[in-house]
Amino acid sequence: MGRFRANLMVCAGSGCVATKSLKVKEAFEKELKKRGLENEIDVVLTGCNGFCAQGPIITVHPDEIFYEKIQVEDVPYLVEEHFVKGRPVEKFMYKEPTGKLTIPSMHEIPFFKHQVLRVLRNKGIIDPEKIEDYITRDGYLASAKAVTEMTPREIIEVVKDSGIRGRGGAGFPTGVKWESCARMVSDRKYMCCNGDEGDPGAFMDRSIMEADPHAVIEGMIIGAKAIGASKGYIYVRAEYPLAVHRLQLAIDAATEAGLLGKNILDSGFDFDLEIYQGAGAFVCGESTALMFSIEGRRGMPRLTPPRSTESGLWGKPTVLNNVETLAAIPQIILNGADWFKSLGTEKSTGTKVFSLTGAINNTGLVEVPMGMTIRQIIYDIGGGVPGARRGRKFKAVQMGGPSGGCIPESLIDTPVTFEDIQKTGAIMGSGGMVFMDNTNCMVGMAKFFLEFTTDESCGKCPPCRVGTKIMLDKLNDLAEGRGKEGDIEILEELSYDIIEGSLCGLGQSAPNPVLTTIQYFRDEYESHIKDKWCKVGVCRKLTTFFINEKVCTGCGACMRACPSKAIIGEKKKPHRIIQEVCIQCRTCYDTCRFKSIIIGPADYKGDPMALLEE
Amino acid sequence: MADDIKILVVDDEPVVIKSCKRILEAEGYNIDGASGGREAIIAMEQKPYDFVITDLKMPEVDGITLIKWIKKSRPETGVLIITGYPSQETIKDALELGIIDYVPKPFTPVVLMDVVARAIEWKQKSVPAEAKKKEEEFPPSMMAELDRMISSYRDKPGSLIPVLQRAQEIVGYLPPIVQKRISKGLNIPAAEVHGVVSFYSFFTMQPRGDHIIKVCLGTACYVKGIDEVLDKIKENLHIGVGEITEDRKFSLEAVRCLGACGLAPVMVIDHDTHSAVTPKKVMQIIDEYRTVGAKA
Ligand SMILES: Cc1cc2nc3c(=O)[nH]c(=O)nc-3n(C[C@H](O)[C@H](O)[C@H](O)COP(=O)(O)O)c2cc1C
Ligand code: SF4
Ligand code: SF4
Ligand code: SF4
Ligand code: FES
Ligand code: FES
């Protein structure tokens, strides 16, 4: 990086590419050339910075000035001001969601300030397509040490001692898994990486593979040496073409450099690595199903034992680890177990990457020490819930995807660790956090996840295949006003039947979203059943919309937005909804800035003002 | 096809048998009725049935006993149950016995037809793809490339899925004739090829439109209102998910998370990701592709 005056880092993760960052990069190169600065300012493409919603993201080093939402049209002005005149441009910098405070430096922005980057230490700093960049940052030192100086026993001891637990969902101690595979005697073993990332609403693994592919590969080499594998596969989902592309470039470069492949660094140790693209089935993230899929078969889970570490891919001992788990390994080898344990809690050591999405101001990817509370994540890092002025409030966070559960406001001070999250009924999962505010319907949420699981069930076990469908039908009944007394109990009982009778984690955890929403939001289920009232106005058949004539300013915004032309009224006079025309779409509620839309139960004929007193 | 399928409906209420008969015979299935478990067993001893649709609560020999008998003596017969959420115990028992599906009571004709059609599909998943669709003509150059690709994978273990992925890239979809070529080329039974194709949602046996619209139905996109966007597309293009417009311009597909959740709600057309899509904007975005030719 030496001979340039400054480095201009253009984010080229999937998010920013979608918001046209590659065009922005071209524009920068053209503009710099035009001004004869091409030898002074180096333009670098990086992986995801984790702040995709603000993309395209540009950072300028060494000053670490952070620019967001840069468009092609902005480029000439930015180059002129920043690089010619030396005046960083305030209007492109990050602004606080609340105040109008502008924050120029990346490290001062709350979203970044509270993070501790270990797994993501290279994000936004290196060009993931250049192996030299990775090596400059101590890349492949750990694998070199493992391959040339350490015995498998020593590697396993360090990993075990670090306390690292799998980041793919179950939280199984990685060192223990490696040890049990290392113990097996076999002519062939496999080291595999799970990049299937099926949790819909999470993109940690995608970002790691895109931003730092070599870290994943290095972790796999170390694992391979520890268990004695000579062949490995990285299983990546079909929806991640950029991750596949970067991993392939990385594998080729590492092989070329003698860091991967035959006789690594003349040590006599061989490890070949291949990418395997998934074909779109959530259940293939499950370890036995994933291995069947690599074998070219239908990805249906099988009964365990035997565990994969004894009999996995093609019947040989196999270790499967998640992307993030593997990317953390090189640092553990280099810095030692104590360094890793210095963050986190006793049973959940180190840091964890989370993706924050849904009703939160700063959506994106963050890495924090284990044990931080949900409150800190929402408010210190996530910037709170959008629309606070319109009365939007944090209601719940869904963790663990379709296998997880909803954690309510009352448990907001729960520390995020494997054991504490499990106590709430949710699971840590892979780190997806989807935030919900007081306009989200929890029955609707439960329905959403069950739709997912009924769709994705591989169909092998009847309790999972049919049971989830019965539950889904029941939830549809509730949402459409056919709910009956006793339905909640039926849902609970069915849940336990499904948990008991299913073979793999998908079925065993499918009822979790329903069970946790019943546990924490039972009143919401009851109002759907007894009062035929979806109080947040999501379930269309259980709502009637009214305008509060005392509050309405007659601004007309709702009238213009209503797709059904159901709202009438004169300017500056209270408006009114014609019930016969209203299709209960809730657009007016979302549009009104004065909180004057009232949501009542189905076919409510009484005085809308009476609803407010409740 | 449908007239080969024999179904036995078991219920102690004649009106249920009658209505099933009316609905399913109109679809071309062969329907017999039995008024109880004992009658059903007698009927099944006379001739084989593909499916039995049975009530659970019946006097004398009840549904569970009947299902147990079927599982032991006629395991090739698929079982569907009709239930109005009776006691949980019975549903639990039925699930453990391995029923294919259930019909909620009371049911509409559409629901019954749908459940039966899906049960047939489910049962056929494991048998060879007999689909004798008319063999479409493909350009010889395309077939030559297909064969070349297949032979390059011949001796690699576990190559079926990568080959199917490449084949779908070359041909656009995986009709029976393409599956057959792959089965021959890799020396894998046709039934297994078909089983894999039907298992993974990435593979399609239907031709696709010039432009492929993929709507993300992941959690982040759901929370940000993607379902309204999807409704808008369905309404305007007059197609459902997995279908293709009449003019073959667009096909509509649903995916679970594109890993761009920060930009939710997300839609991908061909290779372009569109972020923060709203019901208002969506048709305008789609219309821009109307005038553009097929993707490269
Ligand atoms: C239905 C199902 C889906 C799963 N999906 C994933 C996934 O997408 N990514 C992942 O790493 N693990 C997934 N897992 C967990 C894996 O089975 C396995 O435990 C994990 O990859 C092991 O890696 P780790 O020990 O590093 O966490 C899934 C499990 C189940 C039951
Ligand atoms: S629990 Fe569900 S997904 Fe898992 S094997 Fe059984 S049917 Fe398949
Ligand atoms: S709910 Fe929808 S249709 Fe009804 S008044 Fe409001 S915007 Fe119009
Ligand atoms: S948007 Fe709100 S304040 Fe404005 S007219 Fe509609 S109800 Fe009244
Ligand atoms: S892709 Fe640029 S910040 Fe995520
Ligand atoms: S949920 Fe839609 S991109 Fe992740």
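The values are calculated or read from the model by the stated rules, or taken from the named source; none is laboratory data. Keep in mind it's a predicted model, so treat the numbers as computed, not measured. Positions of Cβ are backbone-derived with ideal geometry, glycine not excepted, and every protein chain shown enters the neighbour counts. We work out accessible area using only protein heavy atoms, side chains counted, and drop any ligands, DNA or RNA first. Shrake-Rupley method; radii C 1.70, N 1.55, O 1.52, S 1.80 Å.
Brief remarks follow.
- Each Lys or Arg adds one and each Asp or Glu takes one away; over the other residues whose Cβ falls under 15 Å from the Cβ of A:D266, this sums to +1.
- Sequentially through segment B:236-241, phi angles give Karplus couplings (6.51, -1.76, 1.60; θ = phi - 60°) of 7, 8, 6, 9, x, 5 Hz, Gly and Pro residues having no value and appearing as x.
- Cross-link partners of A:K595 among aspartates and glutamates, defined as those whose alpha carbon lies under 13 angstrom from its own and excluding same-chain residues fewer than eight positions apart: A:E549.
- Percent of Cα pairs exceeding the 45 Å cut-off, where the set is chain A: 25
- Counting Cα-Cα pairs of segment A:351-440 in 10 Å increments starting at 0 gives whole-percent bin shares of 18, 58, 22, 2.
- Sequence-ordered 3J(HN,Hα) estimates for segment A:365-380 from the Karplus curve with 6.51, -1.76 and 1.60 and θ = phi - 60° stand at 10, 9, 10, 9, x, 4, x, 5, 7, 4, 4, 4, 5, 5, 8, 6 Hz, glycine and proline given as x.
- Compared with the rule-of-thumb size 2.2 N^0.38 Å for a compact globular protein, segment B:2-135 has a Cα radius of gyration ratio of 1.02.
- About its Cα centre, the protein assembly as shown has a charge dipole of approximately 1240 debye under the convention of +1 per Lys or Arg Cβ and -1 per Asp or Glu Cβ, with nothing else charged.
- Chain B: angle of helix B:190-199 to the longest principal axis, Cα-based, in degrees nearest 10: 80
- For the listed residue pairs A:K160/A:K231; A:K469/B:K105; A:K95/A:K130, the alpha carbons are over 21 angstrom apart in A:K160/A:K231; A:K95/A:K130.
- Shape summary: segment A:131-340 maps onto an equivalent ellipsoid whose semi-axes, from the alpha-carbon gyration tensor, are 23, 20, 16 Å in decreasing order.
- Residues of segment A:288-311 buried by at least 20 Å² on assembly (accessible area, 1.4 Å probe, chain alone as reference): A:G296, A:R297, A:R298
- Between A:K231 and A:K189, A:M191, A:D272, the built amide H atoms are under 5 Å apart, and every one of these is 5 or more places off in sequence or on another chain.
- Comparing Cα centroids, segment A:552-614 and segment A:419-459 end up 31 angstrom apart.
- B:R290/A:V551 FRET efficiency (R0 45 Å; Cβ-Cβ; nearest 0.05): 0.55
- The A and B chains share an interface that buries close to 4600 Å² of accessible area, total over both sides, probe 1.4 Å.
- Using alpha-carbon coordinates, inclination of helix B:63-73 to the longest axis of chain B, degrees: 80
- With an a/c value of 1.5 or above and a/b not larger than b/c for the gyration tensor axes a ≥ b ≥ c computed over the alpha-carbon atoms, segment A:6-108 is described as oblate.
- Estimated [θ] at 222 nm from DSSP helical runs (n ≥ 4, -39500 (n - 2.57)) normalised by residues in the protein assembly as shown, nearest 500: -11000 deg cm²/dmol
- For segment A:507-577, GluC sites (Glu not before Pro) meeting the loop criterion (DSSP other than H, G, I, E, B) and having at most 11 other Cβ atoms within 10 Å: A:E570.
- B:V103 long-range amide H proximity, modeled H, under 5 Å: B:I81, B:I82, B:T83
- Amide H partners (placed H, <5 Å) of A:R165, local residues excluded: A:T174, A:T349
- Spatially proximal lysines relative to B:K249 (Cα-Cα < 18 Å; intrachain offsets below 8 disregarded): B:K214, B:K232, B:K234, B:K295
- Residue pairs, from the table A:K447/A:K535; A:K541/A:K572; A:K316/B:K123; A:K474/A:K541; A:K20/B:K281; B:K21/B:K71, whose Cα atoms sit over 22 Å apart: A:K541/A:K572; A:K316/B:K123; B:K21/B:K71
- Of the Cα atoms belonging to segment A:244-385, the radius of gyration and Dmax stand at 19.2, 55 Å.
- Helix B:140-152 and the longest principal axis of the C-alpha atoms of chain B enclose an angle of approximately 80°.
- Positions from segment B:198-228 whose accessible area shrinks by 40 Å² or more when the full protein complex is built, not the chain alone, probe 1.4 Å: B:F199, B:Y200, B:F202, B:T219, B:Y222, B:V223, B:K224
- Diffusion constant of segment A:58-142 at 25 °C, which comes from Stokes-Einstein with the Kirkwood Cα-pair radius and 0.890 mPa s, µm²/s: 166
- Using a probe of 1.4 angstrom and keeping all protein chains present, the accessible surface of chain A works out to 38 square angstrom per residue.
- Surface composition of chain B: carbon and sulfur make up 52 percent of the accessible area, probe 1.4 Å.
- Straight-line cross-link partners of A:K85 among the lysines, defined as a Cα under 20 Å from its Cα and at least 8 positions apart when in the same chain: A:K30, A:K33, A:K34.
- Projected label distance in nm at A:L303 and B:K57, using a 7 Å step from Cα toward the beta-carbon: 3.4
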